[in-house]
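In what follows, a single structure is set out as structure tokens and then discussed.
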Amino acid sequence: MSAWVLPDHIADVLPSEARHIEELRRQLLDTARGYGYELVMPPLLEHLESLLSGTGEALDLQTFKLVDQLSGRMMGLRADTTPQVARIDAHLLNREGVTRLCYCGPVLHTRPDRPHATREPLQFGSEIYGHAGLEADTETLLLALDCLRASGIADGAIVDLADARIVRALFDGAPGDAAALGRVHAALTAKDASELRALTRDFPTASREGLLALVGLYGDASVLTEAQRALKACATPVVEQALAELALLASRLEGAKVSFDLADLRGYAYYSGMRFGIYVEGAADALVRGGRYDEVGAVFGRNRPAVGFSLDLRELVGVLPARPQRTAIRAPWSDATGLRAAIAALRASGKTVVCVLPGHDSEIDEFNCDRELVELAGQWNVRAI
């Protein structure tokens with residue numbers, strides 16, 4: 001095999017796409033900063049037990065592992081940034097009030113999470129710690145939508161809402177070990193009613209009927225009304241609260257298209273309440289995923305409310321139209337008097353100036369040189385080409 005061939009599902013990012021990604025990164029971080037989020041930069045590598053503790057255990061199979069040559073301890077390359085941000089909130093900042101944090105950096109996966117996906121997403125995310133109310137859930141949803149608008153997705157996004165508490169309430173008292181319950185989760189996620197019926201034959205009647213009802217509880221706002229009827233026999237206060245909060249959250253997303261899928265269990269072990277995915281045309285799956293995960297900081301000794309979202313910038317770029325080639329000013333490579341000062345002044349004002357190296361006059365590369373720097377009457381001036 002040639003030395004330059006990259007591993008499967010790993011790819012270089014070439015100039016025009018890299019420029020687009022970097023511009024998006026800055027726009028999203030600025031959008032988050034506008035909401036009061038502070039940027040953190042966790043390390044790509046840290047001790048394995050920290051990365052996989054608590055809710056992070058679900059990432060075990062997705063995490064690359066290696067031995068630290070200095071300490072002999074097992075280390076991991078992060079597959080998700082949220083456990084690290086929870087550690088920062090719990091041990092480094094240790095604030096009593098609300099903490100808003102955002103981040104953007106690569107994560108590594110041992111295998112792609114779906115066909116044609118990269119194993120090296122560039123993960124952008126935001127998280128709120130310290131507030132248990134729906135205000136934090138609402139802010140997270142609004143920020144996620146504003147980030148998509150900032151990237152150029154103004155219309156067509158669909159926010160799909162669910163709540164992990166509903167499924168947890170239906171599983172309360174259900175028999176079976178973790179493996180058996182995992183098969184029930186899989187059948188529910190796949191909306192396989194016949195398999196679900198067989199797997200839940202020993203469940204309490206109310207739980208079994210509630211789980212079977214979830215299979216068909218997806219669609220528009222009428223789903224919540226139907227859920228109140230279908231889950232009446234097992235409608236604990238927790239289920240009733242979850243349905244009411246989903247309705248309230250949807251009402252606060254003015255102008256956004258909202259749907260519901262009460263059987264969606266992706267991230268079931270991770271989320272503790274509201275969870276959401278945002279779908280846009282051109283993306284194979286949800287472009288943004290997030291929700292409430294109040295247990296995320298427990299392993300670090302600081303179990304406090306938390307809600308947030310994340311997205312892959314490389315995937316985001318894939319559903320956006322290519323940005324036009326950036327224009328630039330072409331300048332000669334010369335030691336002429338005043339040329340370097342003129343170039344420096346243009347660059348300081350935010351202009352891109354490409355000096356043409358000798359013998360390469362016809363090359364444009366990444367930049368479209370629509371102007372040139374020329375000497376006229378002893379002065380260097382910019383003129384259109």
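The values are calculated or read from the model by the stated rules, or taken from the named source; none is laboratory data. This structure is a prediction, so every number in the text was calculated from the model and none was measured. Cβ coordinates were reconstructed from backbone atoms using ideal geometry, including for glycine residues, and neighbour counts include every protein chain displayed. For the accessible areas, the whole protein counts, side chains as well, though only heavy atoms, and no ligand, DNA or RNA atoms are used. Shrake-Rupley method; radii C 1.70, N 1.55, O 1.52, S 1.80 Å.
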For this session: Whenever you get a sec, compute what percent of the accessible area on segment 28-130 sits on carbon and sulfur atoms (1.4 Å probe).
Result: 56 percent
Seminar exercise, completed: When every protein chain stays in place and a 1.4 Å probe is rolled, PHE260, PHE367 sorted by accessible area with the largest first are PHE367, PHE260
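If packing is taken as the average count of other Cβ atoms within 10 Å, what order do 80-86, 378-384, 158-164 fall into, highest mean first?
80-86, 158-164, 378-384
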For this session: List the aspartates and glutamates whose Cα lies under 12 Å from the Cα of LYS257, skipping any in the same chain that are fewer than 8 positions away.
Result: ASP155, ASP160, ASP220
Exercise. Rounded to a whole number, what % of the accessible area of segment 140-225 do carbon and sulfur atoms account for, probe 1.4 Å?
Worked result: 52 percent
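Averaged per residue, what accessible area in Å² does segment 308-357 show with a 1.4 Å probe, protein chains only?
53 Å²
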For this session: Give the accessible surface of segment 52-140 per residue, rounded to a whole number of Å², with probe radius 1.4 Å and ligands, DNA and RNA excluded.
Result: 46 Å²
Exercise. Considering the dipole of the chain built from charges on the beta carbon (Lys and Arg +1, Asp and Glu -1) around the Cα centre, which of THR82, GLY133, GLY277 is farthest to its positive end?
Worked result: GLY133
Exercise. How high is the FRET efficiency between GLU135 and ALA193 when r is their beta carbon distance and R₀ equals 22 Å, given to the nearest 0.05?
Worked result: 0.05
Seminar exercise, completed: Which of (1) 27, 58, 15, 0; (2) 24, 48, 22, 6, 1; (3) 29, 61, 10, 0 gives P(r) over Cα pairs in 20 Å bins from 0, in percent as computed here? It is (2)
Exercise. Just the accessible area for ASP177, please: 1.4 Å probe, Å², rounded to the nearest 10?
Worked result: 100 Å²
Seminar exercise, completed: For the chain, the charge dipole (Cβ of Lys, Arg +1; Cβ of Asp, Glu -1; about the Cα centre) points to a positive end, and the Cα of ALA186, GLY308, VAL13 closest to that extreme belongs to GLY308
Problem set entry | Over the chain: helical MRE at 222 nm, DSSP H runs n ≥ 4 each giving -39500 (n - 2.57), nearest 500 | -10000 deg cm²/dmol
Exercise. How much of LEU77 can a 1.4 Å solvent probe reach, expressed as accessible area in Å² and rounded to 10?
Worked result: 40 Å²
For this session: Could you do me a favour and compute the accessible area per residue for segment 169-249, 1.4 Å probe, result in Å²?
Result: 52 Å²
For this session: Let me know the charge dipole size of the chain about its Cα centre in debye, to the nearest 20, where only the beta-carbon of Lys, Arg (+1) and Asp, Glu (-1) is charged.
Result: 260 debye
Exercise. Hey, if we sort GLU96, GLU38, GLU127, GLU366 by accessible area with the 1.4 Å probe, largest down, what's the order?
Worked result: GLU96, GLU38, GLU366, GLU127
For this session: Under a 10 Å cutoff between Cα atoms, tell me which one of PRO112, PRO332, PRO305 has the largest fluctuation in the Gaussian network model of the chain.
Result: PRO332
Problem set entry | Sequence-separation-based contact order of the chain, relative, with Cα cut under 8 Å and 6+ spacing, percent | 18 percent
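If you roll a 1.4 Å probe over segment 336-385 with all protein chains in place, what percent of the accessible area is carbon or sulfur? The partial results should precede the final answer.
Numbers: 1810 of 3380 Å².
Whole-percent figure for carbon plus sulfur exposure: 53.
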Exercise. Helix 237-252 sits at what angle to the longest principal axis of the chain, using alpha carbons and giving 0 to 90 degrees rounded to 10?
Worked result: 30 degrees
Seminar exercise, completed: Accessible-area order for HIS9, HIS185, HIS116, largest to smallest, probe 1.4 angstrom, reads HIS116, HIS9, HIS185
